[in-house]
1. Consider G38 against the criteria (1) farther than 18 Å from D96 by Cα; (2) of a type in the set (G, A, S); (3) over 13 Å from the mean Cα position of the chain (by Cα): it satisfies all of them except one. Which criterion is unmet?
2. Write out, first by first residue and then by second, each pair whose Cβ atoms fall under 7 Å of each other, whose residues are 6+ apart or on separate chains, and whose first residue, in the stretch 57-81, is under 22 Å from A130 (Cα atoms) and among the basic types (K, R) while the second is within 16 Å of the ligand (Cβ to nearest atom) and part of a strand (DSSP E or B).
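Any read-out appearing in this document is the output of simple, stated calculations on the displayed coordinates, not a laboratory observation. Every value quoted in this text rests on a predicted model; they were computed, and no experiment measured them. Ideal geometry is used to build each Cβ from the backbone, glycine not excepted, and the neighbour counts take in all protein chains shown.
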Amino acid sequence: MDEVVAFSVDDTVDLRRSILRGGDPAAQIIVDGDHVAGCFHRGVRRNGVPVATATAFPCPSPDHDASAPWQLRFMAVEFDLQGEGLGRMVLTDVIDEVRRLGGDLLWANGRDTALDFYRAMGFTVVPGSAHLSPATNLPHHRISMDLLP
Ligand SMILES: CC(C)(COP(=O)(O)OP(=O)(O)OC[C@H]1O[C@@H](n2cnc3c(N)ncnc32)[C@H](O)[C@@H]1OP(=O)(O)O)[C@@H](O)C(=O)NCCC(=O)NCCS
């Protein structure tokens, strides 16, 4: 039975690199947000191996005037396990934790190929936010979710 648990940043790095950076050994996969006070990581292990992960940390939104905004980063599920509900499990846990910590907005730069996943999770795509990621050069839009009760 899969269970979402707290991850360290070290638990996240292999998935970040393989799923989100094409396995590039030179990709920068630890970012400033990992050092922000309050940053946390969640994930799922199978047979002791991380197979899904996400990270969240306090960060102002470029689009919304929230009082306690958080950014979601590095949402990734092992290739051959995608579409089985692990992404939903991990992201639901992250949303619950950000809400528990008093966050009133969760936002992210979402890959265009993942926007339907984020819509299914209740995020809104920010109009006019299309951009290419500086890290990957892939098309993205910003997404956000209002966490106010
Ligand atoms: C995007 C990703 C995190 C989603 O995780 P997942 O485990 O594959 O998704 P789930 O199986 O939990 O799906 C949750 C919901 O999103 C929907 N969904 C997931 N991926 C989708 C897609 N590409 N297109 C349309 N809907 C999608 C599912 O149908 C499901 O909806 P439902 O629960 O209403 O039936 C995962 O596929 C992944 O790691 N992709 C590659 C890396 C990536 O793009 N990460 C995001 C970077 S911004």
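1. (1)
2. Once the first residue is under 22 Å from A130 (Cα atoms) and among the basic types (K, R) and sits in the stretch 57-81, its partners that are within 16 Å of the ligand (Cβ to nearest atom) and part of a strand (DSSP E or B) give R73/T55; R73/A108.
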